[in-house]
Amino acid sequence: MNRISPQTAKGKRFKCTTESLDGVRLKGVKFIGEDTWFPKGAVTILGGRKRSGKSTLCLYECAKFSAAGGHILIVQQEDPEGLLKAKLKCMNAEMGNIHVFHRKEIGGGMDMKTDMEAEFDGRNLGDIIKATERIRADFVYIDPLHALASGRMNDQRSADCMIPLNALAKRTGCCVLGVLHAHKSPKDVEYAMSGSDQWVAKARSYLYLEADPNDTDAAVCQQVDSSYSEPYNARIEFGMREILGDDGISFPVRIVTGVSATNVTAQDYLDLKNGMKDERVDPVIREVMAEWVRVTIHLNGNRMFAKELFRQAEEKDRNWTPSKIRKAFAMAGVRQTRAAEKHSRSIVYLEDAAEYAGGEMERLKIGVTPEQLAKEWALTIPR
(Lines give C-alpha, C1' and ligand atoms only; values in the text may rest on other atoms or scores of the structure.)
Protein backbone atom coordinates (compact mmCIF):
# COMPACT_ATOMS: atom_id res chain seq x y z
CA MET A 1 0.00 0.00 0.00
CA ASN A 2 1.33 3.44 -0.93
CA ARG A 3 0.28 6.55 0.94
CA ILE A 4 -0.46 9.86 -0.73
CA SER A 5 -0.60 13.22 1.02
CA PRO A 6 -3.75 13.89 3.14
CA GLN A 7 -6.46 16.13 1.65
CA THR A 8 -9.32 18.05 3.23
CA ALA A 9 -12.85 18.62 1.98
CA LYS A 10 -15.48 20.64 3.86
CA GLY A 11 -13.62 20.27 7.14
CA LYS A 12 -12.99 16.54 6.76
CA ARG A 13 -9.57 14.95 6.34
CA PHE A 14 -9.02 12.08 3.93
CA LYS A 15 -6.02 9.80 3.57
CA CYS A 16 -5.53 8.80 -0.07
CA THR A 17 -3.79 5.52 -0.82
CA THR A 18 -3.20 3.08 -3.65
CA GLU A 19 -3.87 -0.63 -3.30
CA SER A 20 -3.11 -3.70 -5.37
CA LEU A 21 -6.12 -5.45 -6.91
CA ASP A 22 -4.55 -8.74 -5.94
CA GLY A 23 -6.48 -8.88 -2.65
CA VAL A 24 -9.84 -7.69 -4.02
CA ARG A 25 -12.65 -10.28 -4.19
CA LEU A 26 -13.81 -11.20 -7.69
CA LYS A 27 -17.61 -10.88 -7.90
CA GLY A 28 -20.28 -9.64 -10.27
CA VAL A 29 -22.97 -7.02 -9.84
CA LYS A 30 -26.23 -8.03 -8.17
CA PHE A 31 -29.67 -6.82 -9.21
CA ILE A 32 -32.91 -5.90 -7.48
CA GLY A 33 -35.55 -8.36 -8.63
CA GLU A 34 -35.47 -11.04 -11.29
CA ASP A 35 -34.60 -8.91 -14.34
CA THR A 36 -31.56 -6.74 -15.03
CA TRP A 37 -33.17 -3.32 -15.04
CA PHE A 38 -32.06 -2.36 -11.53
CA PRO A 39 -28.40 -3.03 -10.61
CA LYS A 40 -27.58 -2.65 -6.92
CA GLY A 41 -25.10 0.07 -6.07
CA ALA A 42 -26.03 2.14 -9.14
CA VAL A 43 -28.50 4.64 -10.59
CA THR A 44 -31.12 3.59 -13.15
CA ILE A 45 -32.86 6.14 -15.39
CA LEU A 46 -36.42 5.65 -16.68
CA GLY A 47 -37.45 8.08 -19.41
CA GLY A 48 -40.55 8.60 -21.50
CA ARG A 49 -43.10 11.09 -22.67
CA LYS A 50 -45.89 12.42 -20.46
CA ARG A 51 -48.80 10.02 -19.88
CA SER A 52 -46.75 7.06 -21.08
CA GLY A 53 -47.09 5.32 -17.69
CA LYS A 54 -43.66 6.01 -16.15
CA SER A 55 -44.90 6.78 -12.64
CA THR A 56 -47.32 3.85 -12.64
CA LEU A 57 -44.55 1.46 -13.73
CA CYS A 58 -42.23 2.80 -11.01
CA LEU A 59 -44.90 2.27 -8.35
CA TYR A 60 -45.41 -1.28 -9.64
CA GLU A 61 -41.70 -1.96 -9.10
CA CYS A 62 -41.89 -0.38 -5.63
CA ALA A 63 -44.87 -2.60 -4.77
CA LYS A 64 -43.13 -5.71 -6.09
CA PHE A 65 -39.88 -5.11 -4.21
CA SER A 66 -41.68 -4.18 -0.97
CA ALA A 67 -43.72 -7.39 -1.10
CA ALA A 68 -40.44 -9.31 -1.43
CA GLY A 69 -39.15 -7.72 1.78
CA GLY A 70 -37.23 -4.75 0.38
CA HIS A 71 -37.29 -1.32 2.02
CA ILE A 72 -38.47 1.43 -0.34
CA LEU A 73 -38.06 5.22 -0.25
CA ILE A 74 -40.37 7.18 -2.55
CA VAL A 75 -39.43 10.78 -3.36
CA GLN A 76 -42.11 12.14 -5.71
CA GLN A 77 -44.28 15.15 -6.35
CA GLU A 78 -46.55 13.78 -9.06
CA ASP A 79 -49.52 12.43 -7.06
CA PRO A 80 -51.17 13.13 -3.69
CA GLU A 81 -50.01 10.60 -1.11
CA GLY A 82 -53.52 9.18 -0.72
CA LEU A 83 -53.62 8.28 -4.41
CA LEU A 84 -50.06 6.98 -4.18
CA LYS A 85 -51.10 4.60 -1.40
CA ALA A 86 -54.18 3.49 -3.34
CA LYS A 87 -52.11 2.51 -6.39
CA LEU A 88 -49.57 0.65 -4.26
CA LYS A 89 -52.31 -1.18 -2.36
CA CYS A 90 -53.97 -2.28 -5.63
CA MET A 91 -50.59 -3.70 -6.71
CA ASN A 92 -50.20 -5.72 -3.48
CA ALA A 93 -47.48 -3.62 -1.85
CA GLU A 94 -46.28 -4.25 1.71
CA MET A 95 -47.05 -0.80 3.14
CA GLY A 96 -44.86 -1.23 6.20
CA ASN A 97 -41.80 -1.42 3.95
CA ILE A 98 -42.54 1.78 2.03
CA HIS A 99 -41.53 5.25 3.23
CA VAL A 100 -42.46 8.53 1.53
CA PHE A 101 -40.12 11.53 1.67
CA HIS A 102 -41.63 14.96 2.27
CA ARG A 103 -40.72 18.33 3.69
CA LYS A 104 -42.40 19.68 6.79
CA GLU A 105 -42.97 23.21 7.99
CA ILE A 106 -41.91 23.43 11.61
CA GLY A 107 -43.71 25.94 13.76
CA GLY A 108 -45.50 26.25 17.09
CA GLY A 109 -44.05 22.96 18.29
CA MET A 110 -45.93 21.04 15.60
CA ASP A 111 -44.84 19.74 12.21
CA MET A 112 -47.23 20.80 9.44
CA LYS A 113 -47.10 19.51 5.86
CA THR A 114 -48.99 20.81 2.83
CA ASP A 115 -49.04 19.48 -0.74
CA MET A 116 -46.93 22.43 -1.91
CA GLU A 117 -44.36 21.81 0.81
CA ALA A 118 -44.22 18.13 -0.14
CA GLU A 119 -42.35 19.13 -3.30
CA PHE A 120 -38.56 18.91 -3.33
CA ASP A 121 -35.61 20.46 -5.13
CA GLY A 122 -31.83 20.35 -5.25
CA ARG A 123 -31.57 21.79 -1.74
CA ASN A 124 -33.11 18.58 -0.39
CA LEU A 125 -30.53 16.23 -1.91
CA GLY A 126 -28.69 15.87 1.42
CA ASP A 127 -31.96 15.15 3.21
CA ILE A 128 -32.85 12.45 0.67
CA ILE A 129 -29.45 10.82 1.19
CA LYS A 130 -29.89 10.90 4.98
CA ALA A 131 -33.39 9.42 4.70
CA THR A 132 -32.07 6.60 2.49
CA GLU A 133 -29.39 5.74 5.04
CA ARG A 134 -31.76 6.07 8.01
CA ILE A 135 -34.31 3.53 6.74
CA ARG A 136 -31.62 1.42 5.01
CA ALA A 137 -33.51 1.59 1.74
CA ASP A 138 -32.91 -1.07 -0.89
CA PHE A 139 -34.72 0.91 -3.59
CA VAL A 140 -35.06 4.69 -3.93
CA TYR A 141 -37.57 6.08 -6.45
CA ILE A 142 -37.16 9.78 -7.36
CA ASP A 143 -39.78 11.39 -9.62
CA PRO A 144 -38.87 13.62 -11.35
CA LEU A 145 -35.11 13.44 -11.13
CA HIS A 146 -34.97 16.79 -12.94
CA ALA A 147 -36.20 18.42 -9.72
CA LEU A 148 -32.71 17.94 -8.27
CA ALA A 149 -31.07 19.80 -11.18
CA SER A 150 -28.69 22.63 -10.43
CA GLY A 151 -28.89 25.51 -12.90
CA ARG A 152 -30.25 25.24 -16.44
CA MET A 153 -31.34 21.81 -17.65
CA ASN A 154 -29.16 21.98 -20.78
CA ASP A 155 -26.07 22.86 -18.76
CA GLN A 156 -23.61 19.97 -18.41
CA ARG A 157 -23.47 20.66 -14.66
CA SER A 158 -27.25 20.36 -14.23
CA ALA A 159 -26.76 16.63 -13.59
CA ASP A 160 -24.21 17.12 -10.80
CA CYS A 161 -26.68 15.54 -8.36
CA MET A 162 -25.96 12.22 -10.08
CA ILE A 163 -22.50 12.17 -8.49
CA PRO A 164 -23.70 11.98 -4.84
CA LEU A 165 -26.59 9.70 -5.85
CA ASN A 166 -24.14 7.25 -7.43
CA ALA A 167 -21.94 7.49 -4.33
CA LEU A 168 -25.00 6.81 -2.13
CA ALA A 169 -25.95 3.75 -4.18
CA LYS A 170 -22.41 2.32 -4.02
CA ARG A 171 -22.04 3.01 -0.31
CA THR A 172 -25.37 1.49 0.75
CA GLY A 173 -25.83 -1.12 -2.02
CA CYS A 174 -29.24 0.29 -2.95
CA CYS A 175 -30.65 0.99 -6.39
CA VAL A 176 -31.71 4.57 -7.19
CA LEU A 177 -34.41 4.86 -9.88
CA GLY A 178 -34.81 8.35 -11.31
CA VAL A 179 -37.55 9.42 -13.75
CA LEU A 180 -36.76 11.87 -16.57
CA HIS A 181 -39.11 13.47 -19.09
CA ALA A 182 -38.52 13.13 -22.82
CA HIS A 183 -38.66 15.74 -25.55
CA LYS A 184 -42.10 16.48 -26.99
CA SER A 185 -41.49 14.54 -30.23
CA PRO A 186 -38.41 12.30 -29.83
CA LYS A 187 -37.05 10.43 -32.84
CA ASP A 188 -34.46 8.22 -31.17
CA VAL A 189 -34.57 6.59 -27.72
CA GLU A 190 -30.81 7.20 -27.38
CA TYR A 191 -31.32 10.98 -27.39
CA ALA A 192 -34.91 11.30 -26.21
CA MET A 193 -34.31 12.85 -22.78
CA SER A 194 -34.68 16.57 -22.27
CA GLY A 195 -31.76 18.45 -20.78
CA SER A 196 -28.11 17.52 -20.71
CA ASP A 197 -27.02 14.06 -21.86
CA GLN A 198 -25.05 13.78 -18.61
CA TRP A 199 -28.15 12.47 -16.82
CA VAL A 200 -28.14 9.26 -18.85
CA ALA A 201 -24.35 9.15 -19.19
CA LYS A 202 -23.93 8.97 -15.40
CA ALA A 203 -26.44 6.11 -14.99
CA ARG A 204 -25.64 2.40 -15.29
CA SER A 205 -29.01 1.34 -16.67
CA TYR A 206 -31.18 3.42 -18.99
CA LEU A 207 -34.82 2.48 -19.67
CA TYR A 208 -37.21 4.16 -22.09
CA LEU A 209 -40.99 3.67 -22.00
CA GLU A 210 -43.14 4.23 -25.10
CA ALA A 211 -46.89 3.61 -25.40
CA ASP A 212 -48.22 1.13 -27.97
CA PRO A 213 -49.62 3.13 -30.95
CA ASN A 214 -52.41 0.55 -31.33
CA ASP A 215 -53.28 0.00 -27.67
CA THR A 216 -53.81 2.77 -25.11
CA ASP A 217 -53.44 0.28 -22.25
CA ALA A 218 -49.99 -1.04 -23.19
CA ALA A 219 -46.42 0.14 -23.60
CA VAL A 220 -42.94 -1.27 -24.14
CA CYS A 221 -40.11 -0.57 -21.72
CA GLN A 222 -36.81 -0.90 -23.59
CA GLN A 223 -33.51 -1.21 -21.75
CA VAL A 224 -31.61 1.04 -24.13
CA ASP A 225 -28.31 0.79 -22.30
CA SER A 226 -26.99 -1.53 -19.61
CA SER A 227 -23.47 -1.49 -18.21
CA TYR A 228 -23.64 -4.82 -16.36
CA SER A 229 -25.89 -7.16 -18.36
CA GLU A 230 -27.65 -8.02 -21.59
CA PRO A 231 -30.59 -5.63 -22.18
CA TYR A 232 -34.07 -6.79 -21.21
CA ASN A 233 -37.24 -5.39 -22.82
CA ALA A 234 -40.78 -5.86 -21.48
CA ARG A 235 -44.33 -5.23 -22.59
CA ILE A 236 -46.27 -3.43 -19.87
CA GLU A 237 -50.05 -3.89 -19.59
CA PHE A 238 -52.09 -1.24 -17.74
CA GLY A 239 -55.62 -1.41 -16.35
CA MET A 240 -58.07 0.35 -14.04
CA ARG A 241 -59.04 -0.92 -10.59
CA GLU A 242 -61.67 0.32 -8.15
CA ILE A 243 -60.62 0.85 -4.55
CA LEU A 244 -62.66 1.86 -1.52
CA GLY A 245 -61.34 4.97 0.23
CA ASP A 246 -61.28 5.52 3.98
CA ASP A 247 -64.25 7.87 3.51
CA GLY A 248 -66.34 5.00 2.15
CA ILE A 249 -66.29 6.31 -1.43
CA SER A 250 -64.75 4.12 -4.15
CA PHE A 251 -62.60 5.57 -6.92
CA PRO A 252 -60.57 4.19 -9.89
CA VAL A 253 -56.77 4.00 -10.09
CA ARG A 254 -54.53 3.03 -13.00
CA ILE A 255 -52.11 0.21 -12.26
CA VAL A 256 -49.81 -2.25 -14.01
CA THR A 257 -51.64 -5.53 -14.61
CA GLY A 258 -48.94 -7.48 -16.42
CA VAL A 259 -45.28 -7.49 -17.46
CA SER A 260 -43.84 -9.89 -20.04
CA ALA A 261 -40.62 -10.19 -22.02
CA THR A 262 -40.79 -8.97 -25.62
CA ASN A 263 -38.62 -8.52 -28.69
CA VAL A 264 -40.49 -5.33 -29.60
CA THR A 265 -38.62 -2.15 -28.66
CA ALA A 266 -39.70 1.34 -27.71
CA GLN A 267 -37.78 2.47 -30.79
CA ASP A 268 -40.14 0.37 -32.93
CA TYR A 269 -43.08 2.29 -31.49
CA LEU A 270 -41.35 5.65 -31.95
CA ASP A 271 -40.70 4.80 -35.59
CA LEU A 272 -44.36 3.84 -36.03
CA LYS A 273 -45.64 7.05 -34.46
CA ASN A 274 -43.24 9.29 -36.35
CA GLY A 275 -44.17 7.55 -39.59
CA MET A 276 -47.84 8.09 -38.85
CA LYS A 277 -47.25 11.80 -38.30
CA ASP A 278 -45.41 12.12 -41.59
CA GLU A 279 -48.33 10.88 -43.69
CA ARG A 280 -51.89 12.04 -43.11
CA VAL A 281 -54.80 9.98 -44.41
CA ASP A 282 -58.20 11.25 -45.56
CA PRO A 283 -60.90 9.78 -43.23
CA VAL A 284 -62.87 8.36 -46.19
CA ILE A 285 -59.75 6.68 -47.60
CA ARG A 286 -58.95 5.32 -44.14
CA GLU A 287 -62.35 3.59 -43.99
CA VAL A 288 -61.65 1.97 -47.36
CA MET A 289 -58.21 0.88 -46.16
CA ALA A 290 -59.63 -0.51 -42.92
CA GLU A 291 -62.19 -2.67 -44.72
CA TRP A 292 -59.55 -3.95 -47.17
CA VAL A 293 -57.15 -4.73 -44.28
CA ARG A 294 -59.83 -6.64 -42.35
CA VAL A 295 -60.92 -8.69 -45.36
CA THR A 296 -57.37 -9.42 -46.49
CA ILE A 297 -56.27 -10.68 -43.08
CA HIS A 298 -59.49 -12.68 -42.63
CA LEU A 299 -58.97 -14.44 -45.98
CA ASN A 300 -55.45 -15.30 -44.88
CA GLY A 301 -56.77 -17.14 -41.80
CA ASN A 302 -57.17 -14.10 -39.49
CA ARG A 303 -53.44 -13.43 -39.29
CA MET A 304 -50.51 -12.75 -41.58
CA PHE A 305 -47.05 -11.25 -41.52
CA ALA A 306 -47.12 -7.44 -41.57
CA LYS A 307 -44.54 -7.37 -44.35
CA GLU A 308 -46.83 -9.44 -46.59
CA LEU A 309 -49.83 -7.23 -45.81
CA PHE A 310 -47.84 -4.11 -46.74
CA ARG A 311 -46.66 -5.77 -49.99
CA GLN A 312 -50.23 -6.56 -51.02
CA ALA A 313 -51.34 -3.03 -50.10
CA GLU A 314 -48.69 -1.53 -52.36
CA GLU A 315 -49.82 -3.83 -55.21
CA LYS A 316 -53.38 -2.59 -54.77
CA ASP A 317 -52.45 1.10 -54.60
CA ARG A 318 -48.93 2.53 -54.62
CA ASN A 319 -50.08 5.34 -52.31
CA TRP A 320 -51.04 2.85 -49.59
CA THR A 321 -47.76 3.03 -47.69
CA PRO A 322 -47.10 1.02 -44.48
CA SER A 323 -47.53 4.10 -42.27
CA LYS A 324 -50.93 4.86 -43.87
CA ILE A 325 -52.04 1.23 -43.53
CA ARG A 326 -51.09 1.23 -39.83
CA LYS A 327 -53.41 4.18 -39.29
CA ALA A 328 -56.29 1.94 -40.39
CA PHE A 329 -55.46 -0.89 -37.95
CA ALA A 330 -57.60 0.35 -35.04
CA MET A 331 -60.63 0.88 -37.31
CA ALA A 332 -60.14 -2.59 -38.83
CA GLY A 333 -59.86 -4.29 -35.41
CA VAL A 334 -56.25 -5.30 -36.11
CA ARG A 335 -53.41 -5.68 -33.63
CA GLN A 336 -49.69 -6.31 -34.10
CA THR A 337 -47.44 -8.75 -32.24
CA ARG A 338 -44.35 -10.88 -32.73
CA ALA A 339 -43.75 -14.61 -32.47
CA ALA A 340 -42.13 -15.93 -29.28
CA GLU A 341 -38.66 -16.20 -30.78
CA LYS A 342 -35.61 -13.96 -31.10
CA HIS A 343 -35.60 -11.61 -34.12
CA SER A 344 -39.11 -12.77 -35.01
CA ARG A 345 -41.25 -11.25 -37.74
CA SER A 346 -44.08 -8.83 -37.03
CA ILE A 347 -47.57 -10.37 -37.25
CA VAL A 348 -50.93 -8.64 -37.75
CA TYR A 349 -54.09 -10.39 -36.59
CA LEU A 350 -57.83 -9.79 -36.12
CA GLU A 351 -58.78 -9.19 -32.52
CA ASP A 352 -62.54 -9.84 -32.84
CA ALA A 353 -63.32 -13.43 -31.75
CA ALA A 354 -66.37 -13.42 -34.09
CA GLU A 355 -63.98 -13.63 -37.05
CA TYR A 356 -62.79 -17.08 -35.91
CA ALA A 357 -64.43 -20.48 -36.37
CA GLY A 358 -64.00 -24.20 -35.72
CA GLY A 359 -61.27 -25.35 -33.38
CA GLU A 360 -59.87 -21.85 -32.98
CA MET A 361 -63.23 -20.56 -31.77
CA GLU A 362 -63.36 -23.37 -29.20
CA ARG A 363 -59.89 -22.46 -27.95
CA LEU A 364 -60.88 -18.79 -27.66
CA LYS A 365 -63.81 -19.84 -25.47
CA ILE A 366 -61.48 -21.47 -22.95
CA GLY A 367 -59.23 -18.43 -22.62
CA VAL A 368 -56.71 -18.60 -25.48
CA THR A 369 -56.28 -15.14 -27.03
CA PRO A 370 -56.15 -14.18 -30.73
CA GLU A 371 -52.58 -13.00 -30.08
CA GLN A 372 -51.55 -16.45 -28.82
CA LEU A 373 -53.09 -18.07 -31.91
CA ALA A 374 -51.16 -15.65 -34.13
CA LYS A 375 -47.87 -16.44 -32.39
CA GLU A 376 -48.45 -20.19 -32.66
CA TRP A 377 -49.25 -19.83 -36.37
CA ALA A 378 -46.05 -17.85 -37.02
CA LEU A 379 -43.91 -20.63 -35.52
CA THR A 380 -45.28 -23.10 -38.09
CA ILE A 381 -44.21 -20.97 -41.10
CA PRO A 382 -40.66 -21.60 -42.42
CA ARG A 383 -38.42 -18.57 -42.40
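Taken over region 60-82, residues that are closer than 27 Å to His183 by Cα and either touching a residue at least 40 places away in the same chain (Cβ under 8 Å) or of a type in the set (Val, Ile, Thr) (or both) amount to 8. What about Arg152, is it modelled with pLDDT under 85, among the basic types (Lys, Arg) and open to solvent by 70 Å² or more (accessible area, probe 1.4 Å)? Yes, satisfied.
Taken as a whole, the condition of being more than 30 Å from Pro322 (Cα to Cα) and in a loop (DSSP other than H, G, I, E, B) does not apply to Gly178. Identification of strands (runs of 3 or more DSSP E) wholly contained in region 211-282 with 1 or more residues that are within 18 Å of Ala93 (Cα to Cα) and in contact (Cβ under 8 Å) with a residue 40 or more places away in the chain yields 234-244, 250-261.
Before we move on, is Glu376 surrounded by fewer than 13 Cβ atoms within 10 Å (Cβ to Cβ) and either without any contact (Cβ under 8 Å) to a residue 60 or more places away in the chain or within 30 Å of the chain's Cα centre (by Cα) (or both)? Full working, then the answer.
On the way: surrounded by fewer than 13 Cβ atoms within 10 Å (Cβ to Cβ): no; either without any contact (Cβ under 8 Å) to a residue 60 or more places away in the chain or within 30 Å of the chain's Cα centre (by Cα) (or both): yes.
When the stated conditions are applied, Glu376 does not pass them.
Per-residue answers, yes or no, for (1) in a helix (DSSP H, G or I); (2) open to solvent by 60 Å² or more (accessible area, probe 1.4 Å); (3) under 20 Å from Asp268 (Cα atoms); (4) hydrophobic (A, V, I, L, M, F, W, C):
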| residue | (1), (2), (3), (4) |
| --- | --- |
| Ile325 | yes, no, yes, yes |
| Met331 | yes, yes, no, yes |
| Ile347 | no, no, yes, yes |
| Ala354 | yes, yes, no, yes |
| Gly359 | yes, no, no, no |
| Leu364 | yes, no, no, yes |
| Val368 | no, no, no, yes |
| Glu371 | yes, no, yes, no |
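Scanning region 131-143 for residues that are open to solvent by 10 Å² or more (accessible area, probe 1.4 Å) and either of a type in the set (Val, Ile, Thr) or modelled with pLDDT under 95 (or both) yields one hit, Ile135.
State all residues of region 191-220 that are under 18 Å from Val43 (Cβ atoms) and exposed (fewer than 15 other Cβ atoms within 10 Å of the Cβ); if no residue qualifies, say none. Reasoning before the result, please.
Our first condition is that a residue be under 18 Å from Val43 (Cβ atoms); within region 191-220, this holds for 192-209.
Result: Asp197, Ala201.
Give just the number: which of (1) surrounded by 13 or more Cβ atoms within 10 Å (Cβ to Cβ); (2) modelled with pLDDT of 90 or more; (3) not polar (S, T, N, Q) does Arg311 not satisfy? The number of the failed condition is (1).
The values are calculated or read from the model by the stated rules, or taken from the named source; none is laboratory data. Not measured: the values here are computed from a predicted model. Glycine also receives a Cβ, built like all others from the backbone with ideal geometry; neighbour counts cover every protein chain displayed. SASA here: full protein model, heavy atoms, side chains in, ligands and nucleic acids out. Shrake-Rupley method; radii C 1.70, N 1.55, O 1.52, S 1.80 Å.
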